[in-house]
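To keep things clear, I will list the structure first and then write my remarks on it.
The values are calculated or read from the model by the stated rules, or taken from the named source; none is laboratory data. Only a predicted model underlies this, so the values are computations on that prediction, with no experimental measurement involved. When we count neighbours, we look across all protein chains shown, and the Cβ atoms used for this are built from the backbone with ideal geometry, even at glycine.
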Amino acid sequence: EVYLDNSATTRVRKEVIEKMVEVLENEYGNPSSLHLKGYQAEKLMKEARENVAKLINGDIEGIVFTSGGTESNNLALIGVAESLRKKGNHIISSAIEHPSVLNVLKYLEENGFEVTYLTVDKTGKVDVKDLKRAITDKTILISIMAVNNEIGTIEPIEEIGEIAKERGIIFHVDATQAVGKINIDVKKQNLDMISLSSHKIHGPKGVGALYIDKSVKIRPIIFGGGQEKNLRSGTENMPGIVGFGVASKLAKENFHGNVSKLMTLKKRLYQGIVSEIKDVHLNGPNVEEGAPHILNISFAGVRGEVLLHALEEKGIYVSTGSACSSKKKGQSHVLKAIGLKEDLIESAIRFSIGIFNTEEEIDYTISVLEEKVNFLRKYKRR
Ligand code: PLP
C-alpha cells in the first residue's frame with residue numbers, strides 16, 4: 001500500500017495509540033469531577049493543552065478543544081460575528097477556503113453579514129493589496145487559511161496579521177493543513193484565532209482545537225455545562241484530546257526533519273512525473289514554494305477519477321481535488337478560482353505526502369503513473 005492522501009487524513013502514530021488506550025482503560029474519570037479520578041483526568045488534559053499550545057507558540061489558556069477543524073472554523077466565525085454584530089457586519093475571506101469556512105460564511109450572509117471573498121492568482125495566493133482595499137469601518141473579521149488543502153498554496157498570513165492588528169480587526173486562520181508543515185507562531189504572526197485538527201497530524205479523528213487570543217471577544221455556539229471556559233460545553237473527549245496532545249508534541253519535536261523529508265519526497269515525485277510523462281500540468285505554486293506535503297497535477301486527456309481508481313488497483317491511494325468534496329458532484333472551487341480550464345480540472349490529481357512515505361514508494365508511484373496514464377491515453381484515442 002502506498003498512501004498518498006495525507007491531506008485527507010493521516011495514519012495514527014503508535015505513540016498516540018498507546019497513550020489513548022491507556023486513557024480508555026484506566027483514566028476514565030470526568031475532568032469536571034472533584035475527586036482524584038477527575039483530578040487525574042484534568043491533569044492529562046492540561047498536559048495535552050500544553051503540547052498543543054507549544055506547537056503554535058500560544059498561551060495554554062487560549063486552547064479550546066473542539067471536535068475538529070470544522071467545528072473550530074464554525075466557532076471562530078459564528079462566535080466572533082455574533083459577539084461583534086453591533087460593531088460591524090463585514091467579513092473578509094477568500095474564494096479558496098475549505099467548505100467549513102465557506103458554508104459558515106454563507107450562513108452568516110443569510111443572517112445579515114456581508115462577506116468579501118478575495119480572489120487569488122494562478123498559484124492560489126491572495127493579494128494583500130486587495131485585502132487592504134476591502135477593509136471598511138464595518139469590517140470585524142478576516143479569515144484566511146494558512147495552507148490550501150487542494151493545491152498547497154501558502155498564504156501571506158504574517159503580512160495579513162500585521163494589517164489586521166493595525167486596523168484592530170480580528171484575524172482568524174484555518175491552520176488545519178499548516179501545523180507541522182510550515183512554521184505557525186500565533187505571537188510572531190499576530191494570529192488572533194487559529195483552527196487546528198488532530199487527524200491531519202497523525203492524531204485521532206474527531207478532535208481539534210480553536211486557539212483564541214485573550215483579546216478576542218467570542219460567544220459559544222454550543223451551550224451546556226460550561227466546559228472549556230464556557231466556549232465548548234460537553235464532557236471532554238478525553239482519549240481524543242490526549243491523543244491530539246501526543247501527536248502535537250511529536251509534530252513539534254520532529255518539525256524540521258519532517259518538513260525536509262516531505263519536501264524531498266514531493267520534489268522526487270514531481271521530477272519523476274515531469275521526466276517520465278508528457279502533457280502534465282502543475283496546479284498551484286511552484287514545487288519549492290508550496291507546502292511540503294501537497295502536489296496537485298493534471299494529466300491532460302485522462303479523467304482524474306479514472307486515474308485514481310487505476311492507481312488504486314496497484315495499491316496507491318490519492319485524491320481528485322480534495323477528499324472532502326471529491327465524493328460530491330461539481331468541480332473543485334479551488335481549481336476554478338486559480339483559472340484552470342475545465343478539462344484540466346477534470347484531470348487533476350492531488351498527491352499528499354506523509355512522514356511514513358518512502359523514496360521507494362515514490363519511485364513505484366512514478367512508474368505506475370507512467371504506465372496507467374499512457375494506457376488510459378491510448379485507450380481514449382481508440
Ligand atoms: N480546513 C481545512 C483546510 C481542511 O483541510 C480540513 C480537512 O478536511 C478541515 C478544515 C476540516 O477538519 P476536520 O476534518 O477536523 O473537521
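When Pro204 is tested against (1) away from the ligand (no atom under 13 Å from the Cβ); (2) surrounded by fewer than 24 Cβ atoms within 10 Å (Cβ to Cβ), just one condition goes unmet, and that condition is (1). Filtered by the rule that a residue be in a strand (DSSP E or B), touching a His at 6+ places or on another chain (Cβ under 9 Å) and free of Cβ contacts under 8 Å to residues at least 60 places away in the same chain, segment 99-147 gives Glu114, Val115, Thr116, Thr139, Ile142.
Could you identify the single residue in Val280, Val302, Val287 that is under 23 Å from the mean Cα position of the chain (by Cα) and either among the acidic types (Asp, Glu) or buried (at least 17 other Cβ atoms within 10 Å of the Cβ) (or both)?
So the residue among Val280, Val302, Val287 that is under 23 Å from the mean Cα position of the chain (by Cα) and either among the acidic types (Asp, Glu) or buried (at least 17 other Cβ atoms within 10 Å of the Cβ) (or both) is Val287.
Among the conditions (1) crowded, with 21+ Cβ neighbours inside 10 Å; (2) farther than 16 Å from Ile194 by Cα, Asp121 misses just one, which is (1).
The set of residues from segment 305-327 being at pLDDT 95 or above and within 12 Å of the ligand (Cβ to nearest atom) comprises just one member, Ser319.
Residues that are farther than 25 Å from His281 by Cβ, touching a helix residue (DSSP H, G or I) at 6+ places or on another chain (Cβ under 6 Å) and within 16 Å of the ligand (Cβ to nearest atom) are absent from segment 112-122. The number of residues in segment 81-111 that are more than 21 Å from the chain's Cα centre (by Cα), within 16 Å of Met193 (Cβ to Cβ) and among the small types (Gly, Ala, Ser) comes to 2. In segment 1-43, what count of residues is obtained for those that are in contact with a Ser or Thr (Cβ under 8 Å, 6 or more places away or on another chain) and under 29 Å from Met263 (Cβ atoms)? Final tally of qualifying residues: 6.
One line per residue, one yes/no per condition, for (1) in a loop (DSSP other than H, G, I, E, B); (2) charged (D, E, K, R); (3) farther than 21 Å from Asn148 by Cβ:
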residue	(1), (2), (3)
Thr176	yes, no, no
Asn183	yes, no, no
Ser215	yes, no, yes
Gly224	yes, no, yes
Gly243	no, no, yes
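Table: residues versus (1) in contact (Cβ under 8 Å) with a residue 60 or more places away in the chain; (2) among the small types (Gly, Ala, Ser); (3) over 15 Å from Pro239 (Cβ atoms); (4) not assigned by TED's automatic domain parsing to the domain that holds Pro292.
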site	(1), (2), (3), (4)
Lys19	yes, no, no, yes
Leu24	yes, no, no, yes
Asn30	yes, no, no, yes
Ser33	no, yes, yes, yes
Ala41	yes, yes, no, yes
Ala48	yes, yes, no, yes
Lys54	yes, no, yes, yes
Asp59	yes, no, yes, yes
Val64	yes, no, yes, yes
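In segment 187-199, is there at least one residue being of a type in the set (A, V, I, L, M, F, W, C) and surrounded by fewer than 24 Cβ atoms within 10 Å (Cβ to Cβ)? Looking for residues that are of a type in the set (A, V, I, L, M, F, W, C) and surrounded by fewer than 24 Cβ atoms within 10 Å (Cβ to Cβ), one finds none in segment 187-199, hence no.
Just need a number here: residues in segment 9-47 that are within 16 Å of the ligand (Cβ to nearest atom) and surrounded by 15 or more Cβ atoms within 10 Å (Cβ to Cβ). It would help to see each step written out before you state the result.
Quick first cut of segment 9-47, residues within 16 Å of the ligand (Cβ to nearest atom) only: 9-12, 16.
Keeping just the survivors that are surrounded by 15 or more Cβ atoms within 10 Å (Cβ to Cβ) gives 9-10, 12, 16.
So the count comes out to 4.
Scan the strands (runs of 3 or more DSSP E) fully inside segment 269-382 and keep the ones with 1 or more residues being among the β-branched types (Val, Ile, Thr) and touching a residue at least 60 places away in the same chain (Cβ under 8 Å). Spell out how you get there, then give the answer.
Values: elements: 280-283, 294-299, 348-352.
Result: 294-299.
Somewhere in segment 52-75, is a residue more than 30 Å from Glu361 (Cβ to Cβ), over 24 Å from the mean Cα position of the chain (by Cα) and surrounded by fewer than 22 Cβ atoms within 10 Å (Cβ to Cβ)? No; the residues of segment 52-75 include none that is more than 30 Å from Glu361 (Cβ to Cβ), over 24 Å from the mean Cα position of the chain (by Cα) and surrounded by fewer than 22 Cβ atoms within 10 Å (Cβ to Cβ). Among the residues making up segment 89-103, those that are more than 10 Å from the ligand (Cβ to nearest atom) and either at positive phi or buried (at least 22 other Cβ atoms within 10 Å of the Cβ) (or both) are Ile91, Ile92, Ser93, Ser94.
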